[in-house]
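The values are calculated or read from the model by the stated rules, or taken from the named source; none is laboratory data. The shown structure was predicted, so the numbers you read here are calculated from the model rather than taken from an experiment. With ideal geometry, Cβ positions are generated from the backbone for all residues, glycine too; neighbour counts draw on all protein chains shown.
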Amino acid sequence: MRARSTLMLFLVCAVSAAAVYFLEIRGGARRSERAERAGRLIAADAERIRRLTIVRPAEGSGAGTETVTVERDGESWRILSPVVSPGDRGEVDNLVSAVSRAKSERGMEGIEDWAAYGLTRPELSVFVFPDSGKADTLLLGDLNPTGAFIYVRRPGQDRIDLTDASLRSSLVRPLFELRDRSVLTFERDEVRRLEIRRPAGPLVIEKREGGWEIRKPIEAAAAAAPVDELLNPVRWAEVKSFVDDPAVSRSRLGLDPPGVLLTVTAGPDSVRKTLRLGTRRDGRVHAADESRPSVYLVDTALVNILLKPADDFRETKVAPFDEWMVKRIEIRSPSSGSVAFVKDSAGAWTFDPPAPEKADGNRVGDLLAALASLKAETFIARNPEAPSRYGLEPAVREVVLEGEEGRPLARIGFGKARDTRTLFCINRSTGWVAAARNDILRHLTPSRDAWTAGKNSPRNPAESGPSGAGEKSNKKP
């Protein structure tokens, strides 16, 4: 008996909960939605509007009207008139939403004098074409005396509605704001190649597994930061104004042929996006995206970035590598032997081959940090025919860095002094000879004693190498 009462009580609660959900919660939401729809002036939801046409006063001081038509193009919008142009997705979405959400705040019926409300010959009309169903038309007249609302009517009705005056503001937004103002559209993280044709000669930069590389006019590693400083301004640059005069040819604007031509290759399908840059006007430059019909003006700063010399994009580190990947280090000297270290499973540096002495881990860490930050003061040549003139064949010092399973990470040779402050060095992987600061020498002694924990520190640069070759001087004191 008690079990039956408990079951009955449970069923009553379940039915009550279901009733509350369907009648109050779900039903309330539906009632709210119906009430919201009942006051709307346009039947279609924003996402169902396929095309929108606005007849409005023409921009500028001239009399007359202009017709602006936008049409949905997949996830974006396309402007069909008064110019053919891609639309700004966010701006057009806002426009369409404003039309769809317009509500009647108050209605008046039996109107005979339309002129009193500016609706005899309205200058502002909007035509809404949904993806299915009947099109809607809305005619807009004068503002009401408070300026907070505007009089509207639908053709064939003797009723006037008042709706928020912000609808008018949305419908008369400048055409410039509705257009896609991006200079060149591409996915920044998918860029694989940059090619710039310019008066000083081409610049080609490609993305490889190890990072960016300059392919023309030289072959050298490129630093990520300056490449980003080129890509980001191009990707996020905005059009300053459009040149829509069909009577002006592209050749007159310096676009055919262009003064500067930028081609960006991006994505797994290697899609090419090309930007033409032409003559300057009033501190700006004519430009055109080859995939669009529009000609526009951009800041000259964008052109200046594209005219930077190749050396501005070079990786200035002599031999870039990740310190954490290094598992073995060897310092070689043709006259003083060599010393090597390996990192054990606990992350401590030990001598290689093993020795009873303990290696100074802090000093090895300083060596790695110094090599990782070693920058070229200037680049001299690549694969020179006579490396011995730089003291690099054989090198006075040679540093070899290896990763897991002996994978080569970097190999740097150090040679003669270039002047009192710098010496010649070479990245064996790329063949580039550079001049770098000679204070790196204090980290490059091949003496095992210098690297033993508790022993004296390596000698200073003057003791580690003489003025000409970095080796011990034979001069008598």
| Does any residue of segment 393-406 turn out to be of a type in the set (A, V, I, L, M, F, W, C), exposed (fewer than 13 other Cβ atoms within 10 Å of the Cβ) and under 17 Å from residue 325 (Cβ atoms)? | no
| query | Any idea which residue in segment 53-97 is farthest from the chain's Cα centre (by Cα), counting only those that are basic (Lys, Arg) and either farther than 12 Å from residue 174 by Cβ or part of a loop (DSSP other than H, G, I, E, B) (or both)? | reply | 72
| Near pairs, Cβ below 6 angstrom, 6+ apart or cross-chain, from segment 174-195 (under 23 Å from residue 208 (Cα atoms)) to any residue that is assigned to a loop (DSSP other than H, G, I, E, B) | 190/267
| said: Go through segment 189-215 and report how many residues are surrounded by 15 or more Cβ atoms within 10 Å (Cβ to Cβ) and either of a type in the set (Gly, Ala, Ser) or assigned to a loop (DSSP other than H, G, I, E, B) (or both). | reply: 1
| Residue, farthest from the chain's Cα centre (by Cα), within segment 407-426, restricted to residues that are closer than 15 Å to residue 332 by Cα and buried (at least 19 other Cβ atoms within 10 Å of the Cβ) | 415
| request: Could you please tell me which pairs satisfy a Cβ distance under 8 Å, a separation of 6+ or placement on different chains, a first residue in segment 449-460 that is assigned by TED's automatic domain parsing to the domain that holds residue 366, and a second residue that is modelled with pLDDT under 70? | output: 449/456; 450/456; 450/457; 450/458; 450/459; 451/458; 458/464
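Here are some residues: 447, 429. Which one is under 34 Å from the mean Cα position of the chain (by Cα) and under 19 Å from residue 328 (Cβ atoms)? Explain how you work it out, then say what you get.
Numbers: 447 fails: under 34 Å from the mean Cα position of the chain (by Cα).
Just one listed residue meets the conditions, 429.
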| task | State whether one or more residues within segment 365-374 are under 27 Å from residue 222 (Cα atoms), in contact (Cβ under 8 Å) with a residue 60 or more places away in the chain and of a type in the set (Gly, Ala, Ser). | result | yes
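Within segment 102-124, identify whether any single residue is in a strand (DSSP E or B), without any contact (Cβ under 8 Å) to a residue 60 or more places away in the chain and small (Gly, Ala, Ser), and answer yes or no.
In the first step, residues of segment 102-124 are kept if they are in a strand (DSSP E or B); the result is 103, 106-108, 124.
Still in the running and without any contact (Cβ under 8 Å) to a residue 60 or more places away in the chain: 106-108.
Then keep just the ones that are small (Gly, Ala, Ser); that gives 107.
Within segment 102-124 (the criterion being in a strand (DSSP E or B), without any contact (Cβ under 8 Å) to a residue 60 or more places away in the chain and small (Gly, Ala, Ser)), the answer is yes, since at least one residue qualifies.
Being in contact with a Ser or Thr (Cβ under 9 Å, 6 or more places away or on another chain), among the polar types (S, T, N, Q), touching a residue at least 12 places away in the same chain (Cβ under 8 Å) and surrounded by 17 or more Cβ atoms within 10 Å (Cβ to Cβ), is that true of even one residue in segment 321-337? Quick ask: steps written out before the conclusion?
Of the residues in segment 321-337, the ones in contact with a Ser or Thr (Cβ under 9 Å, 6 or more places away or on another chain) are 330-333, 336-337.
When the remaining residues are screened for being among the polar types (S, T, N, Q), the result is 333, 336.
Among the residues that remain, those that are also touching a residue at least 12 places away in the same chain (Cβ under 8 Å) are: 333, 336.
After this cut, where a residue has to be surrounded by 17 or more Cβ atoms within 10 Å (Cβ to Cβ) as well, the list is 333.
Within segment 321-337, one or more residues are in contact with a Ser or Thr (Cβ under 9 Å, 6 or more places away or on another chain), among the polar types (S, T, N, Q), touching a residue at least 12 places away in the same chain (Cβ under 8 Å) and surrounded by 17 or more Cβ atoms within 10 Å (Cβ to Cβ).
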